[in-house]
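Worksheet for the structure shown next.
The values are calculated or read from the model by the stated rules, or taken from the named source; none is laboratory data. None of these values were measured; they are calculated from a predicted model. We place every Cβ from the backbone using ideal geometry, glycine too, and count neighbours over all the protein chains shown.
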């Protein structure tokens with residue numbers, strides 16, 4: 001579990017083919033000292049496991065569904081990635097709860113500087129549209145952000161200078177792909193509502209069935 005508060009911008013030093021996917025070598029100068037083998041780490045919004053490390057690099061494997069559902073299917077050497085260590089129970093929750101389970105890939109449709117801030121528009125996969133609300137939370141490349149505006153499946157995000165400077169948004173351009181994770185609370189609410197509707201239908205059908213039988 002993560003908070004969506006990026007701790008460092010890492011750099012992809014190498015992407016090596018392995019069975020079923022890739023081994024990723026990531027350069028890190030800040031979080032590396034507190035990382036151990038088998039730790040979870042959020043890389044551009046994707047939760048991966050540290051498989052090996054040294055004083056300035058760590059390795060993680062991306063395979064199967066991770067490559068299909070995230071931008072890691074097209075990950076390139078020398079690209080910059082957002083890094084965050086997993087959340088401790090004693091940590092402050094500065095952003096929102098982020099699982100590192102990417103729900104889909106979005107595309108940046110506009111980047112505009114407005115005063116000191118930046119307005120970024122992202123087209124979201126249509127199947128995720130129902131989970132989005134204005135002023136709701138969303139994770140983009142592992143960054144906890146607030147939806148400033150929503151137009152069908154295109155969202156607008158206002159990014160403050162600190163976030164712009166300390167995440168890989170500052171290296172993005174229009175048409176770039178980004179990893180999208182919707183707020184887990186939205187998924188829980190959907191599940192609860194579906195269960196309630198199912199139970200209501202079951203009760204109604206049972207009552208009708210009993211009436212038809214003369215009870």
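Some notes on this structure:
- Subset of region 2-28 [touching a strand residue (DSSP E or B) at 6+ places or on another chain (Cβ under 7 Å) and part of a loop (DSSP other than H, G, I, E, B)]: 3, 4, 5, 6, 7, 20, 28
- Of all residues making up region 141-173, the number that are touching a residue at least 40 places away in the same chain (Cβ under 8 Å), touching a helix residue (DSSP H, G or I) at 6+ places or on another chain (Cβ under 8 Å) and closer than 15 Å to residue 103 by Cα: 2
- Among the residues of region 157-215, the ones that are at pLDDT 95 or above, more than 17 Å from residue 122 (Cα to Cα) and loosely packed, with under 10 Cβ neighbours inside 10 Å come to 1 in all.
- The residue list 45, 95 contains one member that is touching a residue at least 40 places away in the same chain (Cβ under 8 Å) and within 17 Å of residue 10 (Cα to Cα), which is 45.
- Taking the listed residues 118, 131, the one that is more than 21 Å from residue 168 (Cβ to Cβ), assigned by the TED database to the domain that holds residue 174, in contact with a strand residue (DSSP E or B) (Cβ under 9 Å, 6 or more places away or on another chain) and buried (at least 18 other Cβ atoms within 10 Å of the Cβ) is 131, with no other qualifying.
- For residue 102, the conditions (1) farther than 23 Å from residue 146 by Cβ; (2) in contact with a strand residue (DSSP E or B) (Cβ under 6 Å, 6 or more places away or on another chain) are fulfilled apart from (1).
Quick grid of which residues meet (1) out of contact with any helix residue (DSSP H, G or I) (no Cβ under 9 Å at 6 or more places or on another chain); (2) surrounded by 18 or more Cβ atoms within 10 Å (Cβ to Cβ); (3) over 18 Å from residue 141 (Cα atoms); (4) not assigned by the TED database to the domain that holds residue 183:
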| position | (1), (2), (3), (4) |
| --- | --- |
| 29 | yes, no, yes, yes |
| 45 | no, yes, no, yes |
| 56 | no, no, yes, yes |
| 67 | no, no, no, yes |
| 72 | no, yes, no, yes |
